[in-house]
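K.L.:
Sharing a structure with you now.
The values are calculated or read from the model by the stated rules, or taken from the named source; none is laboratory data. Being a predicted model, the structure only gives us computed values, none of them experimental. Ideal geometry is used to build each Cβ from the backbone, glycine not excepted, and the neighbour counts take in all protein chains shown.
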Amino acid sequence: MKTPVTVTVTGAAGQIGYALLFRIASGAMLGNDQPVKLNLLDITPALDALEGVRMELDDCAFPLLAGVTCSDDPNVAFADSDYALLVGARPRGPGMERKDLLEANAAIFSAQGKAMNAVASRDIKVLVVGNPANTNALIAMHNAP
């Protein structure tokens with residue numbers, strides 16, 4: 001069997017992140033012969049829900065799932081990561097201007113980019129899903145040269 005690869009998913013306790021995790025663990029993302037370690041990142045208030053997600057993944061006994069780490073610390077979640085799915089982003093709230101949303105997400109994606117630069121695999125592959133995805137991708141890229 002191949003050596004496990006590490007996949008980081010941000011916003012992992014959210015609806016989109018949650019839906020992705022079981023597909024990744026089943027081999028739908030990287031193939032039926034590629035073991036994966038999942039590093040799940042979410043905000044501190046979501047850690048209890050994230051732990052529940054980890055337990056669900058464990059209960060499924062996916063043969064390709066080599067481990068699950070849950071954290072609210074980007075430096076832990078991106079450690080040795082080979083792939084990153086940046087799903088989590090701040091949603092636009094009532095009365096929130098676009099500028100406010102961009103500032104909130106800039107802080108999130110800047111921290112994640114810096115963490116990837118510091119601790120992830122040198123050839124990490126990154127997919128940005130959190131909106132506004134193009135702006136968030138640019139921010140992460142500039143912080144992970």
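K.L.:
I need the full set of residues from the range 36-55 which are surrounded by 14 or more Cβ atoms within 10 Å (Cβ to Cβ) and either farther than 22 Å from residue 75 by Cα or of a type in the set (Ser, Thr, Tyr) (or both), in order please.
P.N.:
none
K.L.:
Just checking, does the range 15-25 include any residue being in contact with a helix residue (DSSP H, G or I) (Cβ under 9 Å, 6 or more places away or on another chain), closer than 22 Å to residue 133 by Cβ and surrounded by fewer than 21 Cβ atoms within 10 Å (Cβ to Cβ)?
P.N.:
The answer is yes; a qualifying residue exists.
K.L.:
Considering only the range 25-46, state which residues are of a type in the set (A, V, I, L, M, F, W, C) and in contact with a strand residue (DSSP E or B) (Cβ under 7 Å, 6 or more places away or on another chain).
P.N.:
Selection gives 25, 30, 36, 38, 40, 41.
Results for (1) under 21 Å from residue 4 (Cβ atoms); (2) surrounded by fewer than 21 Cβ atoms within 10 Å (Cβ to Cβ); (3) within 17 Å of the chain's Cα centre (by Cα); (4) at pLDDT below 95, shown as yes or no for each residue.
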{"site": "67", "(1), (2), (3), (4)": "yes, yes, yes, no"}
{"site": "80", "(1), (2), (3), (4)": "yes, yes, yes, no"}
{"site": "95", "(1), (2), (3), (4)": "no, yes, no, yes"}
{"site": "98", "(1), (2), (3), (4)": "no, yes, no, yes"}
{"site": "105", "(1), (2), (3), (4)": "no, no, yes, yes"}
